[in-house]
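Colleague: Sending over a structure as structure tokens; questions will come in a sec.
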Amino acid sequence: MLEPDRVIAGVARALAPGGRFVGEFGGEGNVATIFAAVRETLARRGLDIDERSPWYFPSAHAYAERLRAGGFTVDRIESFARPTRLATGMAAWLETFAQPFFRDLDTTQRDELAAEVTERLTPSLRSAAGDWTADYVRLRFLARRT
């Protein structure tokens with residue numbers, strides 16, 4: 001969601017006054033450890049992560065301000081850590097969620113980058129038993145159209 005104001009405006013158009021907008025998505029700090037490993041890995045190859053990032057993870061305060069500016073009353077908004085076990089491991093997570101960072105690279109380069117990111121993350125997000133955890137931070141809100 002790289003254009004949050006357009007999303008909020010679209011929801012506002014779809015709701016009658018008093019209609020509820022309830023959501024949950026990644027908040028500020030979401031997958032920060034993973035993001036840092038991807039950033040370092042790309043930088044070593046002269047690639048800029050900010051040009052490739054498809055992610056928008058706002059703070060509760062910043063998103064509440066956007067909601068208010070978009071015609072909503074914010075009844076509740078909270079940000080909370082939710083570490084999440086990755087049943088299929090980090091490599092599968094990267095394949096699913098991090099592909100935009102590796103766009104325009106051939107399969108060999110993508111595989112090499114994913115392997116390096118996984119290696120960088122092993123000390124911090126992989127348990128001694130071999131289980132992977134993603135450092136999710138969620139932003140949950142309830143707002144009403146004014």
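Colleague: Any residue at all in the stretch 76-88 that's more than 23 Å from Leu2 (Cβ to Cβ), touching a helix residue (DSSP H, G or I) at 6+ places or on another chain (Cβ under 8 Å) and surrounded by 13 or more Cβ atoms within 10 Å (Cβ to Cβ)?
Modeller: Scanning the stretch 76-88, I find at least one residue that is more than 23 Å from Leu2 (Cβ to Cβ), touching a helix residue (DSSP H, G or I) at 6+ places or on another chain (Cβ under 8 Å) and surrounded by 13 or more Cβ atoms within 10 Å (Cβ to Cβ), so the answer is yes.
Colleague: Let me ask something else about it. Could you grab me the full set of residues in the stretch 7-46 that are without any contact (Cβ under 8 Å) to a residue 12 or more places away in the chain, closer than 17 Å to Ala143 by Cα, loosely packed, with under 11 Cβ neighbours inside 10 Å and not aliphatic (A, V, I, L, M)?
Modeller: Answer for the stretch 7-46, where residues must be without any contact (Cβ under 8 Å) to a residue 12 or more places away in the chain, closer than 17 Å to Ala143 by Cα, loosely packed, with under 11 Cβ neighbours inside 10 Å and not aliphatic (A, V, I, L, M): just Arg13.
Colleague: What about Glu24, is it in a helix (DSSP H, G or I) and of a type in the set (D, E, K, R)?
Modeller: Numbers: in a helix (DSSP H, G or I): no; of a type in the set (D, E, K, R): yes.
Answer is no for this residue.
Colleague: Right, next: Restricting attention to the stretch 47-60, which residues are more than 23 Å from Thr122 (Cβ to Cβ), aromatic (Phe, Trp, Tyr) and without any contact (Cβ under 8 Å) to a residue 60 or more places away in the chain?
Modeller: Scanning the stretch 47-60 gives a single hit, Tyr56.
Colleague: Scan the stretch 102-122 for residues that are farther than 12 Å from Ile34 by Cα and in a helix (DSSP H, G or I) and jot them down. Walk me through how you get there before you give the answer.
Modeller: As a first pass, look at the stretch 102-122 and keep what is farther than 12 Å from Ile34 by Cα: 102-113, 115.
Scanning the stretch 102-122 gives Phe102, Thr107, Thr108, Gln109, Arg110, Asp111, Glu112, Leu113, Ala115.
Colleague: A further question on this structure: Would you point out which residue out of Gln109, Gln99 is under 18 Å from the mean Cα position of the chain (by Cα) and farther than 25 Å from Phe80 by Cα? Walk me through it before giving the result.
Modeller: On the way: Gln109 fails: under 18 Å from the mean Cα position of the chain (by Cα).
Within the list Gln109, Gln99, the selection yields Gln99.
Colleague: Identify, by number, the condition in (1) outside any helix (DSSP H, G or I); (2) within 15 Å of the chain's Cα centre (by Cα); (3) buried (at least 17 other Cβ atoms within 10 Å of the Cβ) that Leu94 doesn't meet.
Modeller: (1)
Colleague: I need the full set of residues from the stretch 39-74 which are of a type in the set (Ser, Thr, Tyr), within 16 Å of Gly23 (Cα to Cα) and either assigned to a helix (DSSP H, G or I) or over 19 Å from the mean Cα position of the chain (by Cα) (or both), in order please. Even if it seems obvious, please write down each step before you answer.
Modeller: In the first step, residues of the stretch 39-74 are kept if they are of a type in the set (Ser, Thr, Tyr); the result is 41, 53, 56, 59, 63, 73.
Next, from what is left, pick out any that are within 16 Å of Gly23 (Cα to Cα): 56, 59, 63, 73.
Correct list: Tyr63, Thr73.
No value in this document is a laboratory result; all are computed from the given coordinates. These figures come from a predicted structure and were not determined experimentally. As a convention, Cβ positions derive from the backbone with ideal geometry for all residues, glycine included, and neighbour counts pool all protein chains shown.
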